[in-house]
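Colleague: Below is one structure. I have some questions about it.
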Amino acid sequence: MSKIDFGAMRKKWKSTVVARKSVGAFTGGFVSAGTVANADAVGKGPEDRFRIGRNVGYSVDSLIDWLETRATGEKQKRVPQRTEQSKANPSVRKWITEADNAEERA
């Protein structure tokens with residue numbers, strides 16, 4: 001799959017910084033402020049984070065670098081949720097057991 005051109009975001013943005021609450025507007029809705037906040041909380045957010053009062057911001061270059069590291073262009077593998085109802089289903093129970101065994105071997 002082709003690589004995404006994040007340079008267009010840089011050209012359209014009228015500032016050298018992006019407030020965290022504006023990340024959604026910056027990315028066209030692909031990434032939310034909450035996603036970036038969660039990544040920051042575990043030390044995996046954009047570098048060059050700064051704070052003014054309660055507001056958090058990022059340099060445009062730092063945010064784009066972070067987006068480029070996260071953009072895979074590949075279809076992500078979905079793992080079904082394990083609910084109590086699905087655990088009761090015998091065919092799902094077999095799948096869960098097989099998945100747990102595979103994780104233990106890895």
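Derivation of every value follows stated rules applied to the coordinates shown; laboratory data play no part. Predicted model only: the values in this text are computed from it and were never measured. A quick note on method: Cβ atoms are made from the backbone with ideal geometry, for glycine too, and the neighbour counts reach across all protein chains shown.
Colleague: Are there any trypsin sites (Lys or Arg not before Pro) in the stretch 2-40 that are in a DSSP loop and have at most 13 other Cβ atoms within 10 Å? List them by number.
Modeller: 3, 14
Colleague: Count the lysine pairs in the stretch 1-65 that are 8 or more places apart or on different chains: how many have C-alpha atoms under 24 angstrom apart?
Modeller: 7
Colleague: Given N residues in the stretch 7-70, what is Rg(Cα) / (2.2 N^0.38 Å)?
Modeller: For the stretch 7-70, the normalised Cα radius of gyration comes out at 0.99.
Colleague: With a 10 Å Cβ neighbour count serving as the proxy for reagent exposure, in which order, fewest first, do 26, 6 appear?
Modeller: 6, 26
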